[in-house]
Amino acid sequence: MKIQTNNSALATLVSVFFFWGFIAASNGVFIPFCKTYFNIDQFQSQLVDFAFYGAYYIGALMLFIISSQKKKDILNNWGYKRGIIYGLIISAVGAFLMFPAVNGAVAGQTEVFYYVLVALFIVGLGFSLQQTGANPFAVSLGDPSTGSSRLNLAGGVNSFGTTIGPLVVAFIIFGSTPLSGDELKLMVENGEIQLTTIQSLYLGVGALFLACAAFFYFSKSLPEGKTEDAFEPANKAKNLLISLTLIMILCFGWVFYTYTDSYSFSGSIEELEYKRLIALVISLFSVIGCIYYAYLKSSSDSKGWGALQYPQLALGMIAIFTYVGVEVTIQSNLGELLKNVTDKVNNLNALGLDVMSDSGIAKYISLYWGGLMIGRWTGAISVFSPGKSLKKVLLILVPYIAFGVILLVNNGSYTQNEILIFSVIVAIQIAGFYLAKDNAIATLKIFSLIGLIAMLIGLFSTGEIALFSFISGGLFCSIMWPCIFSLSITGLGKYTSQGSSFLVMMILGGAIIPPLQGKIADIFTIQSSYWVAVLCFAYLILYAFLTKKILGDQIEN
């Protein structure tokens, strides 16, 4: 019997998805501005993502540890609705803290940058709690078979936030007039552009968080979302995750220390930079290694591993890690790519593009995140159960309607050539949807492969072809979250809630991978650093093939 979707509850729920997108995409403009304003390197600028997305991991891990200590699932006990309300309140606190964090700040005050990171961390901590509850909540509001489509719909709303976020932040910081790099630098030095301009933005965002929390609290259409699932202990998984956290603290802690006391290290700056890179690589492989270790150990003895005993979840955790990492790192480093397109070795214009300023890149960051909106709006078509003929028409119309929204929001910022190039890329995505036929595994295979090809074209080409190849990553990442999430929790039974929590932890990829790419850019070139994105897409292709075999074998048994 088909379960009807609770549309009124779903409409209320997706409002929080907008906030996640708005803040996350705003970082794409905020990161290069911080680099200019605080005079820091590319790795340090990527700590904005480290703080924001690292909070997701810490929040989900704390929830899991507390649940383990109390021997009951805290989120299930609260109910998804209350969990989201608590998360909104925590995010509001972080947003309000941004006011004193930047109050009186002037250019070059690096310590203020770290106060900003603390505020963003608290905002992300609240988002962690919201997302841990909101994703399974959205799936539970209707037929499980269309759960990924509801997540795509929510993701479409999220992506609308990502489309306008960079534009709003750019307008607040820089005003309506695009500035050249020299003009911006001069205005920062003269105090005409100040970090304190974002105070009003975050006060407004904090107020909206509280208003949304009140709306959720008083909403009669939204059920409590409590489940009766018993908490399943997983002490081995808990200990492994705590060990992983300690390794990452040591690696990143050492790198941070070298920035505060680099004079105590013998050798050249170049040698120190390579040591920093090695520490970041160790941090990356510790995540993959620990999860793979759990995968191997639980295969022989599942006791104590909880949801990690399921290979589709273990591999899915790495997939979420790499997917979030590649989605975030492409755009987080895009600003630097456009600001500094010079080949460090030959001192040539490596991409054949005009060098842009912090204020000029917002439209490209908006287009990148808008690509995610296009894909998610298209992926959400199945929620409305259209007939086959209508669905074929909508698969063509919806992506270009979404593209029209992007053009409207950006109000004539793109040239005709840029519009034409991106229209062709959208057509490629539409072809991918037709080939995938709503099959999650096929969708992952096709879009991961196209994403990988796009990154390679970006690496080995110049001009607008290279630029739009990197920007197209948003289109091809757009539908990966619901595909990976739904595949990873398939067949978990009583461990579904715990598995969802583990997957949210792996948003950690957005904290680890961008700083790693940033350090590669510091040592080599910004364009060559996009090999990181190639490797991420390569794993996602591998994951699609492995998961198909794993789930197929489980059905047979």
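The values are calculated or read from the model by the stated rules, or taken from the named source; none is laboratory data. Keep in mind it's a predicted model, so treat the numbers as computed, not measured. Neighbour counts run over all protein chains shown; Cβ positions are idealised from the backbone, glycine included. Protein only, heavy atoms only, side chains kept; ligands, DNA and RNA dropped before computing areas. Shrake-Rupley method; radii C 1.70, N 1.55, O 1.52, S 1.80 Å.
Of the residues contained in region 494-511, one or more are found to be open to solvent by 40 Å² or more (accessible area, probe 1.4 Å) and either in a helix (DSSP H, G or I) or not small (Gly, Ala, Ser) (or both). Yes or no: region 412-419 includes at least one residue that is within 18 Å of Met373 (Cβ to Cβ) and aliphatic (A, V, I, L, M). Yes, that holds for at least one residue.
Have a look at Gly491, Gly552, Gly451 and point out the one that is crowded, with 24+ Cβ neighbours inside 10 Å and either small (Gly, Ala, Ser) or under 30 Å from Ile66 (Cα atoms) (or both).
Criteria check complete, one pass: Gly451.
For region 48-90, which residues satisfy the criterion of being among the aliphatic types (A, V, I, L, M), more than 24 Å from Phe215 (Cα to Cα) and free of Cβ contacts under 8 Å to residues at least 40 places away in the same chain? Answer for region 48-90, where residues must be among the aliphatic types (A, V, I, L, M), more than 24 Å from Phe215 (Cα to Cα) and free of Cβ contacts under 8 Å to residues at least 40 places away in the same chain: Met62, Ile66.
Find the residue count for region 517-538, including only residues that are crowded, with 22+ Cβ neighbours inside 10 Å and within 27 Å of Ser128 (Cβ to Cβ). Total satisfying the criteria: 7.
Based on what the data block shows, is Ile446 crowded, with 21+ Cβ neighbours inside 10 Å, under 17 Å from Thr162 (Cβ atoms) and of a type in the set (A, V, I, L, M)? So Ile446 fails the test.
Beta carbons closer than 6 Å, at least 6 apart along the sequence or on distinct chains, pair a first residue in region 363-387 that is touching a residue at least 60 places away in the same chain (Cβ under 8 Å) and farther than 20 Å from Ile164 by Cα with a second that is open to solvent by less than 30 Å² (accessible area, probe 1.4 Å) and outside any helix (DSSP H, G or I) for Gly379/Ile479. Among the numbered conditions (1) touching a Phe, Trp or Tyr at 6+ places or on another chain (Cβ under 8 Å); (2) modelled with pLDDT under 85; (3) of a type in the set (Gly, Ala, Ser), the only one that Gly370 does not meet is (2). Of all residues in region 296-326 being within 21 Å of Ile484 (Cβ to Cβ) and either in contact with a Pro (Cβ under 6 Å, 6 or more places away or on another chain) or assigned to a loop (DSSP other than H, G, I, E, B) (or both), which is most open to solvent (accessible area, probe 1.4 Å)? The qualifying residue most open to solvent (accessible area, probe 1.4 Å) is Tyr310. Residues of region 454-488 that are crowded, with 20+ Cβ neighbours inside 10 Å and of a type in the set (Val, Ile, Thr): Ile471, Ile479, Ile484.
If the condition is being of a type outside the set (A, V, I, L, M) and within 19 Å of Ile291 (Cβ to Cβ), then region 498-536 contributes Gln498, Gly499, Ser500, Ser501, Phe502, Gly509, Gly510, Cys536.
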